[in-house]
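**Q** One structure follows; several queries about it will come next.
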Amino acid sequence: MSNENQVKHWHVTYNNIHNLIRKNCPKIAVDFNPDLLVAIGIGFFPARVMRTFLREATTKKTLQIQAIGLSLYEPVEGVAEEKIAEEVIRTQWLGAEAGKMLLGKRVLIVDEVDDTRKTLSYALTELKRDVETELLNHPEADRDALRASTKFGIFVVHNKNKPKLAALPEGTTYYSGEEVDDVWLDYPWESTDIEEHDRLAALDVENAASATKKDV
Ligand code: 5GP
């Protein structure tokens, strides 16, 4: 998508997403080999597809998928409008046993898009905090080893190439299905007419191809 700067919206199809995940899973299975997937909201759909391909690429293990809900842009009941787009709001979490669930695991966080990175940064910071809370239940002598055995990774279907407004904790493994320009991605699950959505997606590809030809 490097020559598509003039495209403000880009329609992404279910098949595009499925294939991006398929392409990336063999590498993720070898390099990171997650044993738990944590989906951020919409990330549940890519995470479910990912489970299929990771099962193929690993020892046929069926990964558990946990979901957390975070909102940066969407209106949230009881939250002042001026806070939206500024602050990440927690709408769903892992429950009281969060730290126990995460400790000693290789946890892959799955989301559809990394835009400003605020959501991913918040998710990582908070999940690490849960791990630290759980470590207090373990003898001090064991804590460093337990902390070191807990690994966090991220998979996003799309990463937008743009300046990020938040950083990820050091040592976070990061995968993106595809690097894209700073366009607005229209995802298939937001559409009420999937055939029209797919038609617009095909048109985006056509327009981008003819723009590339003109550039040559
Ligand atoms: P962040 O700015 O924290 O990286 O992304 C926050 C959230 O904004 C994402 O999880 C996603 O819900 C939404 N978002 C950001 N960019 C896009 C986009 O291009 N298309 C859609 N549909 N949602 C987006």
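Rule-based calculations on the coordinates, nothing more; no lab input. None of these values were measured; they are calculated from a predicted model. Glycine also receives a Cβ, built like all others from the backbone with ideal geometry; neighbour counts cover every protein chain displayed.
**Q** Quick check: pseudo-label points 7 Å beyond the Cα along Cα→Cβ at Trp189 and Arg129, how many nm apart are they?
**A** Simple spin-label model gives 2.5 nm for this pair.
**Q** Farthest toward the dipole's positive end in segment 14-180, which of Pro163, Gly177, Ile40, given Cβ charges of +1 (Lys, Arg) and -1 (Asp, Glu) about the Cα centre?
**A** Towards the positive end, the residue furthest out is Gly177.
**Q** Follow-up. Using θ = phi - 60° and the Karplus relation 6.51 cos²θ - 1.76 cosθ + 1.60, list the HN-Hα couplings for segment 204-214 in order, rounded to whole Hz, with x at every Gly or Pro.
**A** Karplus values, whole Hz, x for Gly and Pro: 4, 5, 4, 4, 5, 5, 6, 5, 5, 4, 4.
**Q** Does anyone have the angle between helix 44-57 and the longest principal axis of the chain? Alpha-carbon axes, 0 to 90°, nearest 10?
**A** The helix 44-57 is inclined about 80 degrees to the chain.
**Q** Under a crude label model (7 Å from the Cα following the beta-carbon direction), how far is Asp142 from Asn33 in nanometres?
**A** The modelled label-to-label distance comes out at 2.3 nm.
**Q** Report, in degrees rounded to the nearest 10, the 0 to 90 angle that the Cα long axis of helix 118-135 makes with the longest principal axis of the chain.
**A** Between the helix axis and the principal axis of the chain, the angle is about 10 degrees.
**Q** In terms of the Cα gyration tensor, with a ≥ b ≥ c the square roots of its eigenvalues, is segment 14-180 rounded because a/c is under 1.5, prolate because a/b exceeds b/c, or oblate?
**A** Verdict is oblate for segment 14-180.
**Q** On to the next question. For every other residue with a beta carbon closer than 10 angstrom to the beta carbon of Gly43, add +1 if it is Lys or Arg and -1 if Asp or Glu, then tell me the sum.
**A** Around Gly43, the charge tally is -1.
**Q** Quick check on packing: order 175-186, 149-160 by the mean number of other C-beta atoms within 10 Å, highest mean leading.
**A** Those peptides, ordered most packed to least, come out 149-160, 175-186.
**Q** First select every other residue whose beta carbon is under 14 angstrom from the beta carbon of Leu165; then total the charges, Lys and Arg +1, Asp and Glu -1.
**A** 0
**Q** Give Lys105/Lys162; Lys27/Lys214; Lys23/Lys100; Lys164/Lys214; Lys27/Lys164; Lys23/Lys160 a once-over and call out the pairs whose C-alpha atoms are over 28 Å from each other.
**A** Lys105/Lys162; Lys27/Lys214; Lys23/Lys100; Lys164/Lys214
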